[in-house]
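Reading through the structure tokens given below for one structure.
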Amino acid sequence: MRRFALRLLLAALSALAVLASWVWAGLPSRSEIRSLATRSPERTRLMEQRAEEARKKGLKPRVSQSWVPLSRVSRHLIHAVLSSEDQSFFGHGGVDWKAIEESIEKNVERGRFARGGSTITQQLAKNLYFGTSKTLGRKARELVVTRWLEADLTKARILVLYLNLIEWGDGVYGCEAAARHWYGKPASALSATEAAGLAAMIPNPRRLNPRASAARHERATRRVLWLMGQAGYIGRDVAGLGAEPPPEPVSEDEEPPAEAPGVPAPAPSDATPAPPPATPDPDLRDTPPPTP
């Protein structure tokens, strides 16, 4: 019996060693992660994935992207992204376990996958190295890279990389290209409502945008405005929003419908927000905004 138990234990340890080796083999080097402190990547795994998808459809891949520092990003957009994507960004070490628990509860309650509870750092890891595939191996590697990003980079640098690399539409990457594509202006000039409109697209930018569904995008924008109000960045009565948030309008990674070519993106009417509370400039210090 003891010999059987020992064999079983050795088999389990061997299986774990093989699994760990398999996960490790798919990771970027640690030196590559460290280099992101000063290096701005020209391409990400998600960009490559979208290019591969376009070629399979007989289309020419396109990439529109321009790098900008946080000093050239509207504070409204920074607030909108933090409010909607990662409210605990400055307080966690890369993984927000409370958000994951809440996400699981919501998904079980709804009987479908809605949001995964991923932090900004996890989303950055996924965009940089793994794309949108949903496998246990990808998730394990994502968690490892997330910890490395948090250990080797400042929060401000993680935010810079995130805002400049994430997808914001078909072939549109980064907040500068997104602001010009959807609102015809630089990221520095975005109003609170426009910033909320961009942040609203992040869960699924090729489906959740003004061209794919103006009504759905408007609901998502109102939700982000509500979250910004709850965080104290804008007046809580902005756009006439009530005490409860509008529902989440779209699931992650749903297949996007075909966009109508040549249809301009409607610009939402801008509410007049109250001035946000004073917050530290992420370019200058690596600290969270104060809780109002």
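Scanning segment 170-211 for residues that are small (Gly, Ala, Ser), open to solvent by less than 10 Å² (accessible area, probe 1.4 Å) and touching a helix residue (DSSP H, G or I) at 6+ places or on another chain (Cβ under 6 Å) turns up 174, 178, 179, 187, 192, 195, 196, 197, 199, 200. The number of residues in segment 126-161 being farther than 15 Å from residue 28 by Cβ and either buried (at least 23 other Cβ atoms within 10 Å of the Cβ) or among the hydrophobic types (A, V, I, L, M, F, W, C) (or both) comes to 5.
Just so you know, in segment 19-45 the residues that are open to solvent by 100 Å² or more (accessible area, probe 1.4 Å), modelled with pLDDT under 95 and assigned to a helix (DSSP H, G or I) include one that is farthest from residue 163 (Cα to Cα), and it is 22.
Taken across segment 241-249, residues that are open to solvent by less than 40 Å² (accessible area, probe 1.4 Å), part of a helix (DSSP H, G or I) and modelled with pLDDT of 65 or more do not occur at all. Summed over segment 46-65, residues that are in a loop (DSSP other than H, G, I, E, B) and crowded, with 16+ Cβ neighbours inside 10 Å total 1. Among the residues of segment 169-187, which ones are closer than 30 Å to residue 32 by Cα and either free of Cβ contacts under 8 Å to residues at least 40 places away in the same chain or part of a helix (DSSP H, G or I) (or both)? Those that are closer than 30 Å to residue 32 by Cα and either free of Cβ contacts under 8 Å to residues at least 40 places away in the same chain or part of a helix (DSSP H, G or I) (or both): 175, 176, 177, 178, 179, 187.
Put simply, of 196, 125, 192 the only residue that is in contact (Cβ under 8 Å) with a residue 12 or more places away in the chain, under 22 Å from residue 75 (Cα atoms), touching an Asp or Glu at 6+ places or on another chain (Cβ under 9 Å) and not hydroxyl-bearing (Ser, Thr, Tyr) is 192. Count of segment 196-215 residues, restricted to those that are in a helix (DSSP H, G or I) and more than 19 Å from residue 83 (Cα to Cα), is 2.
The values are calculated or read from the model by the stated rules, or taken from the named source; none is laboratory data. These figures come from a predicted structure and were not determined experimentally. Ideal geometry is used to build each Cβ from the backbone, glycine not excepted, and the neighbour counts take in all protein chains shown. Areas reflect the complete protein model, heavy atoms only, side chains present, ligands, DNA and RNA absent. Shrake-Rupley method; radii C 1.70, N 1.55, O 1.52, S 1.80 Å.
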